[in-house]
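Taking it in order: structure first as structure tokens, then the write-up.
Every number in this text was worked out from the coordinates using simple rules, so none of it is lab data. The model shown is predicted, which means the values in this text are computed figures rather than measured ones. Please note: Cβ atoms are built from the backbone with ideal geometry, for glycine as well, and neighbour counts cover all protein chains shown.
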Amino acid sequence: MSQDVYTVEHAAERLKLHPKTILRAIKDERLRATRVGKSYRILRSDLEAFGGLTPPANAAAAGARTTAIVDVPDVTPDMARRLMSMVPAVLNGREPGGLPARADVVYDPEARTAKVVIQASPGDAGALLKIVQVWLEG
């Protein structure tokens with residue numbers, strides 16, 4: 001491994017914070033960390049980015065977000081209910097630590113149409129769009 005790894009205590013000491021502040025940041029997903037047994041390990045680059053010591057090397061790419069809207073015609077109420085339960089389930093199954101993602105399903109029973117609105121990183125949006133496509137084809 002080419003990077004230093006810090007414990008919560010060492011990270012707190014380096015940033016001149018209380019260890020509970022570091023733990024709270026990890027639990028709130030503001031600071032990336034890997035759980036090892038009952039403790040955490042934090043990469044130097046993640047700690048520096050969190051503490052504002054250095055900007056992340058790929059800050060623009062890491063913060064890129066996309067919005068996608070899928071118009072689905074001829075949707076029955078039963079199909080709409082399944083779509084409304086499937087989309088959040090897919091988002092809840094994502095790897096933790098990525099950018100926040102949001103997806104909403106809006107159903108118009110009179111027009112028998114649904115819209116899936118996705119706001120996420122390009123990778124997460126693409127994965128969700130593929131799942132929606134497979135669901136529509138099935």
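In terms of Cα to Cα distance under 23 Å, which lysines are near enough to residue 38, apart from those fewer than 8 places away along the same chain?
16, 20, 27
Counting pairs of Cα atoms in region 63-137, how many percent are more than 22 Å apart?
20
Can you tell me how much longer the chain between residue 86 and residue 43 gets when fully stretched, taken as 0.36 nm per residue apart minus their C-alpha distance, in nm with one decimal?
Full extension of this stretch gives 12.0 nm more.
Neighbouring Cβ atoms within 10 Å as the yardstick, rank 45, 121, 39 fewest first.
Fewest to most other Cβ atoms nearby, the residues stand as 39, 45, 121.
Residues with beta-carbon under 12 Å from that of residue 68, excluding residue 68: net charge, scoring Lys, Arg +1 and Asp, Glu -1?
In short, +1.
Going by C-beta contacts inside 10 Å, put 13, 48 in order with the fewest on the left.
Fewest-to-most Cβ neighbours within 10 Å comes out as 13, 48.
Test of understanding: what is the full-extension gain from residue 53 to residue 17, defined as 0.36 nm times their sequence separation minus their Cα-Cα distance?
11.6 nm
If you compute Rg and Dmax of the Cα atoms in Å for the structure shown, which of (1) 14.2, 42; (2) 13.3, 38; (3) 19.9, 60 do you land on?
(3)
What is the gain in length, in nm to one decimal, between residue 130 and residue 74 on full extension, counting 0.36 nm per residue of separation less the C-alpha to C-alpha distance?
Net length gain for the segment: 18.2 nm.
Anyone know which of 51, 126, 37 comes out most mobile in the 10 Å Cα GNM of the chain?
Of 51, 126, 37, the most mobile in the Gaussian network model is 37.
Describe numerically, in nm with one decimal, the distance between label points set 7 Å from Cα along Cα→Cβ at residue 112 and at residue 67.
If labels sit at residue 112 and residue 67, their model points lie 3.0 nm apart.
Order of 134, 106 from fewest to most other C-beta atoms within 10 Å?
With the fewest neighbours first, 134, 106 line up as 134, 106.
Restricting things to alpha carbons, find the Rg to Rh ratio for region 5-57 using the Kirkwood radius for Rh.
Here Rg/Rh amounts to 0.92.
For the chain, what is the calculated [θ] at 222 nm in deg cm²/dmol (nearest 500), taking -39500 (n - 2.57) for each run of four or more DSSP H residues and dividing by its residue count?
That calculation yields -13000 deg cm²/dmol at 222 nm.
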